[in-house]
1. Looking at Tyr352, Tyr347, Tyr341 in this structure, which one is aromatic (Phe, Trp, Tyr), open to solvent by less than 50 Å² (accessible area, probe 1.4 Å) and not assigned by TED's automatic domain parsing to the domain that holds Glu33?
2. Would you pick out the residues in region 197-226 that are within 21 Å of the chain's Cα centre (by Cα), surrounded by 14 or more Cβ atoms within 10 Å (Cβ to Cβ) and in a loop (DSSP other than H, G, I, E, B)?
3. Which residue, of Asp240, Asp133, Asp187, is closer than 30 Å to Asp355 by Cα and free of Cβ contacts under 8 Å to residues at least 40 places away in the same chain?
4. Scan region 278-296 and report the pairs whose first residue is farther than 14 Å from Lys266 by Cα and whose second residue is hydrophobic (A, V, I, L, M, F, W, C) and part of a helix (DSSP H, G or I), with Cβ atoms within less than 6 Å and a gap of 6+ or a chain change.
5. Do the conditions hold for Gly65, that is, is it free of Cβ contacts under 8 Å to residues at least 60 places away in the same chain, over 23 Å from Met29 (Cα atoms) and not assigned by TED's automatic domain parsing to the domain that holds Asp240?
6. Checking Ala323 against (1) open to solvent by 30 Å² or more (accessible area, probe 1.4 Å); (2) in a helix (DSSP H, G or I), which test does it fail?
7. From the list Ala265, Ala317, pick out the single residue that is within 20 Å of Leu85 (Cα to Cα), modelled with pLDDT of 95 or more and open to solvent by less than 20 Å² (accessible area, probe 1.4 Å).
Amino acid sequence: MNFELNEEQQQIKFSVREFAESEIRPHVMEWDEAQHFPVELRPKLAELGLLGVLFPEQYGGAGMGYVEYATIIEELGRVCGSVGLSVAAHNSLCSNHIYTFGSEDQKQKYLVPLAKGESFGAWGLTESQAGSDSAGTRTSAVRSNGGWNVNGSKNFITNAIVCETLVAVAVTEKEKGNRGISAFIFDKSMEGFRSDKKENKVGMRASETASVVFEDCYVPDENRLGNEGEGFLQAMHVLDGGRISIAALSVGIAQGAYEAAIKYAKGRQQFGKPISEFQAIQFKLADMATQIECARLLTQQAAAMKDAGKPVTQKSAMAKVFASETAVRVSEESVQIHGGYGYTKDYPAEKYWRDSKLCTIGEGTSEIQRMVIAKHLLRA
Ligand SMILES: Cc1cc2nc3c(=O)[nH]c(=O)nc-3n(C[C@H](O)[C@H](O)[C@H](O)COP(=O)(O)OP(=O)(O)OC[C@H]3O[C@@H](n4cnc5c(N)ncnc54)[C@H](O)[C@@H]3O)c2cc1C
């Protein structure tokens with residue numbers, strides 16, 4: 001059992017940290033205030049291989065595994081949750097759905113440009129009436145002229161406006177319930193497919209979240225992913241990996257919030273000494289560091305199991321629920337350690353706090369993760 005990253009993985013961690021510190025950190029608050037998704041970062045992210053992390057070089061990817069991927073998302077989240085979230089939706093949701101379930105032609109046409117960063121990806125499962133109950137999808141796809149006529153909409157889609165490629169599910173055979181849902185690849189050039197209302201969010205403000213609308217959108221049959229009726233099961237499989245990335249993002253946010261708290265506690269003087277000398281503050285820091293370490297270990301365990309080809313549904317749910325709730329607790333304590341200054345935008349603590357909350361909601365709420373875990377526990 002080895003709990004350390006190997007030399008190559010440490011090098012990856014170091015380069016992403018350097019990149020995040022120099023290219024992202026200086027702009028974080030400006031992007032957050034303006035709700036600006038930094039498209040200008042795309043070429044740099046692509047150059048570092050961060051837009052095709054999980055895919056073999058033959059598909060334009062960096063050929064890394066989930067341990068490296070979790071390390072990368074953690075480092076992005078440590079500096080900016082929004083960039084981490086958008087990169088995660090592009091890699092482990094949209095691109096990975098095509099990589100795992102797409103035909104060779106679909107991979108050549110869509111995955112290669114996604115992995116090279118020439119196009120950007122989004123993934124649509126959620127609808128206004130289908131959130132936690134994602135099998136309640138109402139978007140429909142009806143056979144027409146050798147393809148499919150798609151009508152409906154998806155809500156809360158990360159990268160909906162900036163994306164060129166979207167993977168989304170639609171009902172192809174209503175009577176069959178979740179076995180009557182299929183997955184399709186859409187591209188922005190398709191008539192009848194557009195992004196719509198952008199959400200004005202509490203946190204993760206530099207990651208674009210918007211709805212997408214399909215109005216008599218014609219999709220050729222060659223854009224159907226896998227067999228008819230397999231879309232829901234495919235989506236659940238994709239989420240198993242996606243949840244590892246949200247766990248990693250949570251670890252990064254918690255780490256950033258913790259580092260900000262340590263720095264502040266050493267510098268802030270009250271009662272004639274740095275507040276870091278008060279045991280009440282020391283115990284908070286000790287709890288924060290311990291919880292982050294636990295969250296990182298759970299996340300890396302799920303990542304290593306995924307790389308080993310083992311089933312990870314339960315482990316990725318455990319990592320996600322624990323890490324995301326850790327991020328919320330740790331970032332709230334960071335605000336507390338900053339006192340009144342933590343409640344202002346002059347210090348980074350408040351942003352980590354706002355960003356952290358999404359992690360307990362996106363890719364399945366904490367309640368849904370607990371349901372997944374309990375289902376596995378009681379199955380034996
Ligand atoms: C910033 C952001 C980005 C997102 N990005 C994407 C994306 O890229 N693609 C995508 O498809 N979706 C995305 N989502 C959607 C996200 O996955 C959903 O918001 C989430 O799954 C919850 O669905 P909901 O919001 O409809 O809440 P609901 O399902 O309505 O849940 C409301 C509350 O009820 C609880 N609840 C529901 N069912 C049960 C139950 N059976 N037992 C106990 N409690 C229950 C929930 O846990 C929650 O607390 C994003 C959301 C946000 C906010």
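1. Numbers: Tyr347 fails: open to solvent by less than 50 Å² (accessible area, probe 1.4 Å); Tyr341 fails: open to solvent by less than 50 Å² (accessible area, probe 1.4 Å).
Just a single option satisfies the conditions, and that option is Tyr352.
2. Residues satisfying the conditions are Glu199, Lys201, Gly203, Met204, Arg205, Ala206, Ser207, Glu208.
3. Criteria check complete, one pass: Asp133.
4. From region 278-296, the pairs are Met288/Val330; Ile292/Ala254; Ala295/Val251; Ala295/Phe322; Ala295/Ala323; Arg296/Val251.
5. no
6. The one condition Ala323 does not meet is (1).
7. After applying the criteria, what remains is Ala317.
Yes/no per residue for (1) within 16 Å of the ligand (Cβ to nearest atom); (2) within 18 Å of Leu239 (Cβ to Cβ); (3) out of contact with any Leu (no Cβ under 6 Å at 6 or more places or on another chain); (4) charged (D, E, K, R):
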| site | (1), (2), (3), (4) |
| --- | --- |
| Leu76 | yes, no, yes, no |
| Gly81 | yes, no, yes, no |
| Gly84 | yes, yes, no, no |
| Cys94 | yes, yes, yes, no |
| Tyr110 | no, no, yes, no |
| Glu118 | no, no, yes, yes |
| Leu125 | yes, yes, yes, no |
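The values are calculated or read from the model by the stated rules, or taken from the named source; none is laboratory data. Remember, predicted model here, so these are calculated numbers, not experimental data. All Cβ positions, glycine included, derive from the backbone under ideal geometry; neighbour counts span all protein chains shown. When the accessible area is computed, the model is the full protein with side chains, heavy atoms only, and any ligands, DNA or RNA have been set aside. Shrake-Rupley method; radii C 1.70, N 1.55, O 1.52, S 1.80 Å.
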